[in-house]
Amino acid sequence: MEIRRIAGALGAEIHGVSLGKLSQSETDEIRRVWLENLVVFFRDQELTPEQYMAFAKRVGQPIPYPFVRGIEGFPEIIEVKKLEHEKVNFGGVWHSDTTYLEQPPMASMLLAREVPPAGGDTLFANMYLAYDRLSERIRALLDGMTAIHDGEMLYRGRYGSDDAGKVYPRAEHPVVRTHPVTGRKCLYVNRFFTTRIVGLSKIESDGLLQMLFRHVETPEFQVRFRWQPGSIAFWDNRCAQHRALWDYYPNRRYGHRVTVAGDKPF
Ligand code: SIN
């Protein structure tokens, strides 16, 4: 197995491995490299849905994605598909996945099936680094704070106009969480879902969140991944955020995504 780090902040490509037939020692090594680099990338992995699920099960427990139906026979695999005429970009704002859940996912993975001739890259950002680079005073201020993460911003009105009165999932999580495996602290607020810091007035909360959202988006915290058909990205949602770029209209982009169960942030 060959490991090539591809940015200073996070991200490594893993070569010389076939995810369709992994040994236990290869799985352990992938997990080690993943924990160290937050997101790992594989090339030329033309996996069948069965092989893809088998890989996901080796690294965790795959779960269905809220409100989105899985592909035929595989409820945990969803299509991330952008057709020529479509205007909604799935994952186009910096976020960690479905943080409005009480137990947000540990990880996610995306397998590219069709990519545009140019563009459609995904950005990932290192939230350990984002936390470390805050001043000591701001780190002290955030210590012990919690924030509300709300699915409504994303989902309201998306599935027809008949969702009046529908309650979307929301959860309260620490603004700074501790990674359950590495024990390191990371910033855990995101522009997609975090709506309010608990115990602050609206103006205080809005101001502090805007500052943190902009800080999270610092280019030096990022890696940018260029997809090819058969590429896989496997990211740690606890300590990384991501954003899918939509700069390829009117071309298509299509992939299969799997979400892996996590636990309650602390
Ligand atoms: C997402 O999972 O948020 C989208 C990732 C992508 O399409 O690159």
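The values are calculated or read from the model by the stated rules, or taken from the named source; none is laboratory data. In this text, all values refer to a predicted model and were calculated from it rather than measured experimentally. Please note: Cβ atoms are built from the backbone with ideal geometry, for glycine as well, and neighbour counts cover all protein chains shown. Surface areas here come from the heavy atoms of the whole protein model, side chains and all, with no ligands, DNA or RNA. Shrake-Rupley method; radii C 1.70, N 1.55, O 1.52, S 1.80 Å.
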Exercise for the section: Classify the stretch 20-107 as rounded, prolate or oblate, taking a ≥ b ≥ c as the square roots of the eigenvalues of its Cα gyration tensor: rounded when a/c is under 1.5, otherwise prolate if a/b is larger than b/c and oblate if not. Expected result: prolate
Practice task
Determine the gain in length on full extension of the stretch residue 86-residue 254; use 0.36 nm per residue of separation and subtract their C-alpha separation, reporting nm with one decimal.
Solution key: 59.3 nm
Problem - Probe 1.4 Å - accessible area at residue 143, Å² to nearest ten - result: 110 Å²
Exercise for the section: Find which of 205, 175, 256 sits farthest along the positive direction of the dipole of the stretch 2-260, computed with +1 on the beta-carbon of Lys and Arg, -1 on that of Asp and Glu, about the Cα centre. Expected result: 205
Completion exercise
Checked the stretch 79-195 with the C-alpha gyration tensor, a ≥ b ≥ c its square-rooted eigenvalues, rounded below a/c of 1.5, otherwise prolate if a/b is larger than b/c and oblate if not; verdict oblate
Handout entry: Listed residues 233, 11, 30: farthest to the positive end of the dipole of the stretch 2-260 (Cβ charges)
Key = 11
Completion exercise
Expressed in angstrom, Rg and Dmax over the Cα atoms of the chain are 18.1, 53
Exercise for the section: Given a cut-off of 27 Å, name the pairs among 166/264; 82/202; 57/81; 57/166 whose C-alpha atoms lie farther apart than that in the structure shown. Expected result: 82/202; 57/166
Handout entry: Nearest-0.05 FRET efficiency for residue 245 and residue 200, computed from C-beta distance (R0 41 Å)
Key = 0.80
Completion exercise
residue 259 neighbourhood, Cβ < 9 Å, K/R = +1, D/E = -1, net charge -1
Handout entry: Local net charge near residue 112, Cβ-Cβ under 13 Å (Lys/Arg +1, Asp/Glu -1)
Key = +3
Handout entry: Approximate spin-label separation residue 74-residue 21, in nm, with each point projected 7 Å along Cα-to-Cβ
Key = 1.9 nm
Practice task
Could you work out the relative contact order of the stretch 2-260, using alpha carbon pairs under 8 angstrom and six or more residues apart, expressed as a whole percent?
Solution key: 36 percent
